[in-house]
Every structure is written in C-alpha cells, then in structure tokens.
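Engineer: Below are the structure tokens for one structure; questions will follow.
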Amino acid sequence: MDTMTTFGLVVLGFLALVVLILVVKTLYTVRTYTAGVVERFGKFNRIVQPGLHTLVPFAESVYFVDLQVKQAQFQVETKTRDNVFVQIPVSVQYQILSDKIYDAFYKLSQPQKQIESFVFNSILGHVPKLSLDETFEQQSGISVAVKTELDSIMSGFGYNILTALVTDIIPDSKVKDAMNDINAAQRAQVAAQARGEADKILKVKQAEAEAESKALQGKGIAAERQAIIDGLRASIENFRESVPGATPNDVMALVLLTQYFDTLKDIGTKSGNNTVFLPNSPGAANDFMTQILAGLKGSMNAGSGAGGLGLPVVNPAAPPPVVKT
C-alpha cells in the first residue's frame, strides 16, 4: 500500500467521523410528556413537541422540560390563636402548563423553592387567626385557601397547582396528651351520667313493680277475705237448715273448731316447719274459739278501739295462739 492510498483512507475516515458528529448534532428526539426548548446562539428560538427533530449543528441547542405532575412536601411550623405551636405537613402537586412552557422555563430557576415560600406565607396568614380546635375543624378549608393562593400566583409563572393538601396537624406531644386526658374525662363523665340514668330508671321500675305487686296482693287478700266471709255465711245457712234449733254461735264454733284442727294437720304434714308453739291446756281449742267469736262480734259493733276497727279482741290472760316457723 503506497502513501497516497494511506492518506486517502485517513481522509475518508475523518470525513465519516465528521458526518457522524453532524448527524448526532442534528437529529434528536423529544419523549412523550416532555417539551423541548430550542435556543440559537443562546437566544430562545422555538418550542418543539414530542417526536424526531433536527438542529442547526453548532448553532442550536435543545433543553428538555418535563410536563409530568410533580409533588413537593413541606413542613410548616406556626402558632395558633391560643398560643399552641403546631407542625402542618403540606403536600403540593403541580404541573407545567403546556401553553406556558416558555414562562416555566425562563421565569423560575427553582420552582419548588418559590412554591415553598408561597405555602409558608399562606399557612402563616391563616392558622394564627384560628384556635387549635378551629384549625382541626377547618383543615380542608386551609387546604382550599392554600391552593387558591398558589394557583393565582404560580399560573403567572406557567405552573398549574393541582392540589395543596394539608395532610395533618401535629401539636406538641404535651398538648396532645392534655387533649387526650380532657377527652377521656369527658367520656367518663358521660358514661357516669348514663349509668346514673340507667340506675334511676331501674329503681323507678322496681318501685313501680313493687307498688303494683302490693296493690294486687291487697286485692287478693281482700278477695280472699270476702270469699271466706261468703263461705262462712253459706255454711251457717246450710247448717241451720240441716239441724233445726242450731244457733249461729253453734255453727261458728263448729266451723272454727274444724279450721283449727285443719291448721294443726297442715302444720304437721309440711316438711319445712321446724318449730311449732301450741297452747298446752286441754281447753285451748275452746279458748281460741271464744277469742275469735269475741273479735267477730266486736267488729260488727260500731265503737272505738280494736273492736271498732274490725280486729279480734284478744284476752291477755289467754294461752298464745298457734305460731309456726
């Protein structure tokens, strides 16, 4: 291979390298959701959309602008109207407007820093006017106010504020503990009142039930006594018709004596009786009958004392009546 051939190959290689460099400098692509800002000799020339494009070699340069939604997190510390310091996390989602790419690229060098400054200014303009409770209650309202102010300001720089969320309100740990104690005390008070009302209702219902029970018991006793009187009256009339010449006292004595022995029989047959006191004199039955008859006669006479009240007149010297326990 001679010198001319070698020189020709070198020149050819150099030309191929130049062509490759020119192609690389001339052709470029813009991705989806991205815009290209083309400058010619350092001056803005045009904005290009996604796809394949060409540049003037060594005269033009391209810069890519991301059009996707971005999110910035901020932590704002401020004081409420009742002098409680709180931490307020704010999450801002923003996006460059497709028709204001020039403003977004050239007017702001650090957009997140500007957004952070406006967020601080908005929060500090609202929260100090509210108490701690009002801050919690108006959390969504604070978010709306921050978004509205940011949107009105950042739209002039080519940015669209999608959301500005106040994600939490964090007071000091001591304040949180105090709030929890107050809440627990209030709930305990409500529970105590509920228990008191329940006890009151239960006692009222028990009293009403007891009153109704006693009323029914009184009616039952009255009905029982009326039935006994009606039965005695019928027994006396039947006995006088069957036994001519019998007096009412004779009939009453026989009925009471029968009841007396029936009672003794009943006491003796029941297993729950432990002790029984009975009159020990042979004439106990007669004395018992005499006392009851005297009481019945006294109840029929209008007068004062036990007889007038319808109670049997008891002789203090008489043996004690039958008592079972």
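Engineer: Those residues that are in contact with a helix residue (DSSP H, G or I) (Cβ under 8 Å, 6 or more places away or on another chain) and within 19 Å of SER109 (Cα to Cα), I need them from the stretch 35-69; list them, please.
Structural biologist: Across the stretch 35-69, the qualifying residues are ALA35, VAL37, PHE44, ILE47, TYR63, VAL65, LEU67.
Engineer: Can you name the condition, by its number, that THR6 falls short on among (1) of a type in the set (Val, Ile, Thr); (2) under 20 Å from GLY158 (Cα atoms); (3) without any contact (Cβ under 8 Å) to a residue 40 or more places away in the chain?
Structural biologist: Failed condition: (2).
Engineer: Then there is this: Here are some residues: ALA164, ALA145, ALA209. Which one is surrounded by fewer than 14 Cβ atoms within 10 Å (Cβ to Cβ) and of a type in the set (A, V, I, L, M, F, W, C)?
Structural biologist: Exactly one of ALA164, ALA145, ALA209 is surrounded by fewer than 14 Cβ atoms within 10 Å (Cβ to Cβ) and of a type in the set (A, V, I, L, M, F, W, C), namely ALA209.
Engineer: Separate question: Of all residues in the stretch 81-110, how many are of a type in the set (Asp, Glu) and within 30 Å of the chain's Cα centre (by Cα)?
Structural biologist: 1
Engineer: Then there is this: I need the full set of residues from the stretch 170-225 which are of a type in the set (S, T, N, Q) and under 30 Å from THR135 (Cα atoms), in order please.
Structural biologist: Matches in the stretch 170-225: SER173, ASN180, ASN183, GLN186, GLN189.
Engineer: Would you pick out the residues in the stretch 36-56 that are among the β-branched types (Val, Ile, Thr) and within 60 Å of the chain's Cα centre (by Cα)?
Structural biologist: Correct list: VAL37, ILE47, VAL48.
Engineer: Then there is this: Would you mention how many residues in the stretch 13-51 are more than 15 Å from SER98 (Cα to Cα) and touching a Pro at 6+ places or on another chain (Cβ under 7 Å)?
Structural biologist: 3
Each row is one residue, and each column tells you yes or no for (1) exposed (fewer than 14 other Cβ atoms within 10 Å of the Cβ); (2) assigned by TED's automatic domain parsing to the domain that holds ARG81; (3) within 30 Å of GLN49 (Cβ to Cβ); (4) touching a Cys at 6+ places or on another chain (Cβ under 6 Å).
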| position | (1), (2), (3), (4) |
| --- | --- |
| PHE105 | no, yes, yes, no |
| HIS126 | no, yes, no, no |
| LEU130 | no, yes, no, no |
| GLY141 | no, yes, no, no |
| SER155 | no, yes, yes, no |
| ASN180 | yes, no, no, no |
| ALA184 | yes, no, no, no |
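Engineer: Quick check on this structure: which one of TYR94, TYR106 is closer than 30 Å to LEU27 by Cβ and among the hydroxyl-bearing types (Ser, Thr, Tyr)?
Structural biologist: One residue alone meets the criteria, TYR106.
Engineer: For the stretch 226-235, name all the residues that are modelled with pLDDT of 70 or more and not small (Gly, Ala, Ser).
Structural biologist: Hits for the stretch 226-235 are GLN226, ILE228, ILE229, ASP230, ARG233.
Engineer: Report, ordered by the first and then the second residue, all pairs with beta carbons closer than 7 Å, sequence separation of six or more or different chains, a first member in the stretch 146-167 that is within 17 Å of LEU67 (Cα to Cα) and touching a residue at least 60 places away in the same chain (Cβ under 8 Å), and a second member that is hydrophobic (A, V, I, L, M, F, W, C) and assigned to a helix (DSSP H, G or I).
Structural biologist: Qualifying pairs under 7 Å: MET154/ILE115; GLY158/ILE101; GLY158/ALA104; TYR159/ALA104; ILE161/LEU150; ILE161/MET154.
Engineer: Right, another one. Return the only residue of LEU132, LEU108, LEU97 being closer than 26 Å to VAL175 by Cα and either among the β-branched types (Val, Ile, Thr) or touching a residue at least 40 places away in the same chain (Cβ under 8 Å) (or both).
Structural biologist: Being closer than 26 Å to VAL175 by Cα and either among the β-branched types (Val, Ile, Thr) or touching a residue at least 40 places away in the same chain (Cβ under 8 Å) (or both) holds for just one of LEU132, LEU108, LEU97, which is LEU132.
The values are calculated or read from the model by the stated rules, or taken from the named source; none is laboratory data. Here the structure is a predicted model, which is why all the values come from computation and not from measurement. Cβ coordinates were reconstructed from backbone atoms using ideal geometry, including for glycine residues, and neighbour counts include every protein chain displayed.
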